[in-house]
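Read through the structure below, which is laid out as structure tokens, and then see the notes.
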Amino acid sequence: MTSAPPYAKPTFTAAELAAAVAEIVPKLPRLLKATFGKSKVDPKLREVILLSVAEALECRYCRAAHTELSRGAGVGEDEIRAVRKRAWEKLDPRERAAVVSALRRIGAGISVDGAIDAPLEEHFSAHEVARIAALVDAIRIASLSGNTVDMLLARVTRRARPRRDSNPASEAAVAAAWAVGAVPAALAIGAAGAWRRLKNRGSRT
């Protein structure tokens, strides 16, 4: 294992996941309001934010899921490519402000022109800012947990060295917690994507 490269993506230990979950639990009502109901964050904007964070944290599972969900929410292929290339100038001002704020919230190193770095408060109410923050915290948990699954797989296959402060039991605990939410979500997203493609195919015939 010593000759394997270090695992490069950000991950969780079981203790870090527990702390992150404890921190987000009080925000669950806010998170539900951001996703459902009359006061939800616009689905297209929501998916642009979530895909941007998944890309920044390099979680292949969240990236795949939110690419599919983005398409379902009306995000075009050009905009998806812009998110992946961090071409912020191609996003509209509200999306740009939300994405830049989201990436800074997760500690992603970003460089933007000051002219396009408008604070969230210029585009969103205080309630909207809080709901966007809850969305970002949730996708951070999902992405770092997904990366931890991959770190466990890399440990087993000896493709990469895991974090020095991590161990198989911790990684397995994170993987188990991740699977509880990820597997049903993946099935639902896959079914929704298949249904959307069938509808689109039918509309073209």
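Note the full-extension length gain between GLU122 and GLU58 as 0.36 nm times their separation in residues minus their Cα-Cα distance, in nm to one decimal.
Taking GLU122 through GLU58 to full extension adds about 20.1 nm, to one decimal.
Using a ≥ b ≥ c from the Cα gyration tensor of the chain (square roots of the eigenvalues), is it rounded, prolate or oblate, where a/c under 1.5 gives rounded and otherwise the larger of a/b and b/c decides, a/b for prolate?
In terms of gyration-tensor shape, prolate.
If you average the C-alpha positions of the range 34-113 and of the range 148-186 separately, how far apart do those two centres end up, in angstrom?
25
222 nm [θ] for the chain, helices only, -39500 (n - 2.57) per DSSP H run of 4+, per residue, to 500?
After summing the helix terms and dividing by the residues of the chain, the value is -22500 deg cm²/dmol.
For the peptides 83-92, 60-69, 179-188, what is the packing order when you average, over each peptide's residues, the other Cβ atoms within 10 Å and list the highest mean first?
Highest mean packing first, the order is 60-69, 83-92, 179-188.
Run the numbers on the chain and let me know its relative contact order in percent, using alpha-carbon pairs under 8 Å that are six or more apart.
33 percent.
Bear in mind that the values in this text are calculations on the coordinates, not laboratory data. Here the structure is a predicted model, which means the values were calculated and not measured. No Cβ is skipped: glycine too gets one built from the backbone with ideal geometry, and neighbour counts run over all protein chains shown.
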